[in-house]
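Report on the structure given below.
The values are calculated or read from the model by the stated rules, or taken from the named source; none is laboratory data. This is a predicted model, so every value here is computed, not measured. Neighbour counts run over all protein chains shown; Cβ positions are idealised from the backbone, glycine included.
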Amino acid sequence: MMPDRSSVSFEAIDHAATALLRGDLVIFPTETVYGLGADARCDRAVAQIFALKGRPHFNPLIVHVASIEAARQLGRFDTLADRLAAAFWPGPLTLVVPKRDDCGISLACAGQDMIALRVPAHPVARELLERSDVPIAAPSANLSGSVSPTQLDHIAPAIRDHVAVQIDAGACSVGVESTIIGCGLTAKTALLLRPGGVTREAIMDLAINVQTSDPTQTIKVPGSALRHYAPKTKLRVNATTVKSDEALLSFGTATLSGAALSLNLSPTGNMIEAAANLFAMLHRLDRAACRTIAVMPVPESGLGVAINDRLRRASEISPC
Ligand code: TXA
Ligand code: MG
């Protein structure tokens, strides 16, 4: 289901485009989650993203562009990257490829010689890219480590109060972040760096081999090492029981009774619906301020891989 463009005025997108060109920040929708965007070439604006999110400076940002051609001006695409881009762009796929020396993007890549590129599918994001005609560096618009926003009202005032323009386009249709694939290691292998909106099965359908670990550690995703996607309430995964002072997140027909508040990712067991609901439900359960959020098992297939990745990392104990 493609998100609605008609609810957003041309003026709102124009304001956002002008703000980007001025070096200000904007909040804008993508099909995965809301992004906190800046002109990727403007280090002063990009520095503000890191500051507002409380994001470590070693953690690079995804650069959003309007087309494959625009992406090729910033990064070097091998045959594998070309095939992936042709198949999944515009859409929830990010490609990490070698950065071109003359691409004009510095701080957003956090000192790495690889660049993460994505052509988003959301019509508002596309129009913003076209009107501003700048590459947009944009992480998810949450405070570092917390749950990503799939609606504007999920975003903390500490971020919203400091941006020039906020574009509200309702709920994001995919609901989990883009799949990140590293290319340029070997000619034939795609390295899955973060599961997301494009499933591993969909990539393998193209007869592309997907590797999940990189023995040479050539490409690192600094953001994956951290506790992430975490609500304030403690999360307990693979729950088979629930207590009356706990909130429950269930999936499918089998559910548990007795929780203080209970939400179901998809009563019919539909993974697309479950992904779209995940972050909004975590936000709602978090607001209930229960002792724990108990999460029932979600099958590890299709988008379930991305859902489980987010749940696992949300349940990790903070390293510090
Ligand atoms: O769906 C998405 O990807 C959303 C929307 C707004 O596009 N963006 C998003 O950005 O999820 P963020 O910053 O929340 O997550 C990006 C991840 C981080 O874990 C970061 O470490 C990794 O991508 N990353 C960015 N540039 C990289 C690079 N050059 N090499 C390896 N990993 C990179
Ligand atoms: Mg994020």
**Asked** When residue 66 is evaluated against the numbered criteria (1) over 23 Å from residue 145 (Cα atoms); (2) out of contact with any Cys (no Cβ under 9 Å at 6 or more places or on another chain); (3) part of a helix (DSSP H, G or I), which criterion, by number, is the only one it fails?
**Response** (3)
**Request:** Of all residues in segment 273-320, count the ones that are free of Cβ contacts under 8 Å to residues at least 40 places away in the same chain and aliphatic (A, V, I, L, M).
**Result:** 2
**Request:** For residue 210, work out the one condition from (1) more than 16 Å from ligand 2 (Cβ to nearest atom); (2) in contact with a Gly (Cβ under 7 Å, 6 or more places away or on another chain); (3) of a type in the set (Val, Ile, Thr) it doesn't fulfil.
**Result:** (2)
**Request:** Select from segment 47-67 the residues that are within 19 Å of residue 30 (Cα to Cα) and either surrounded by fewer than 17 Cβ atoms within 10 Å (Cβ to Cβ) or within 12 Å of ligand 1 (Cβ to nearest atom) (or both) and list them in ascending order.
**Result:** 49, 53, 60, 61, 62, 63, 64, 65, 67
**Item:** Criterion: over 20 Å from residue 142 (Cα atoms), surrounded by fewer than 18 Cβ atoms within 10 Å (Cβ to Cβ) and not charged (D, E, K, R) - qualifying residue of 303, 261, 248
**Value:** 261
**Message:** So in segment 135-162, with the set limited to residues that are over 23 Å from residue 277 (Cα atoms) and crowded, with 23+ Cβ neighbours inside 10 Å, which one is nearest to ligand 2 (Cβ to nearest atom)?
**Reply:** 137
**Message:** Residue under question is residue 208, and the condition is that it be within 12 Å of ligand 1 (Cβ to nearest atom) and either modelled with pLDDT of 90 or more or touching a strand residue (DSSP E or B) at 6+ places or on another chain (Cβ under 9 Å) (or both); does it hold?
**Reply:** no
**Item:** Enumeration of residues in segment 257-283 that are touching an Asp or Glu at 6+ places or on another chain (Cβ under 8 Å) and within 13 Å of residue 310 (Cβ to Cβ)
**Value:** 265
**Complete:** Here, strands (runs of 3 or more DSSP E) confined to segment 214-312 with at least 3 residues that are within 16 Å of ligand 1 (Cβ to nearest atom) are none
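Is one or more of the residues making up segment 59-77 within 16 Å of ligand 2 (Cβ to nearest atom), in contact (Cβ under 8 Å) with a residue 12 or more places away in the chain, under 22 Å from the mean Cα position of the chain (by Cα) and farther than 20 Å from residue 104 by Cβ?
First, the residues of segment 59-77 that are within 16 Å of ligand 2 (Cβ to nearest atom): 59-64.
Now restrict to residues that are in contact (Cβ under 8 Å) with a residue 12 or more places away in the chain: 59-64.
Filter again for under 22 Å from the mean Cα position of the chain (by Cα), leaving 59-64.
Remaining after also requiring farther than 20 Å from residue 104 by Cβ: 59.
Looking for residues that are within 16 Å of ligand 2 (Cβ to nearest atom), in contact (Cβ under 8 Å) with a residue 12 or more places away in the chain, under 22 Å from the mean Cα position of the chain (by Cα) and farther than 20 Å from residue 104 by Cβ, one finds at least one in segment 59-77, hence yes.
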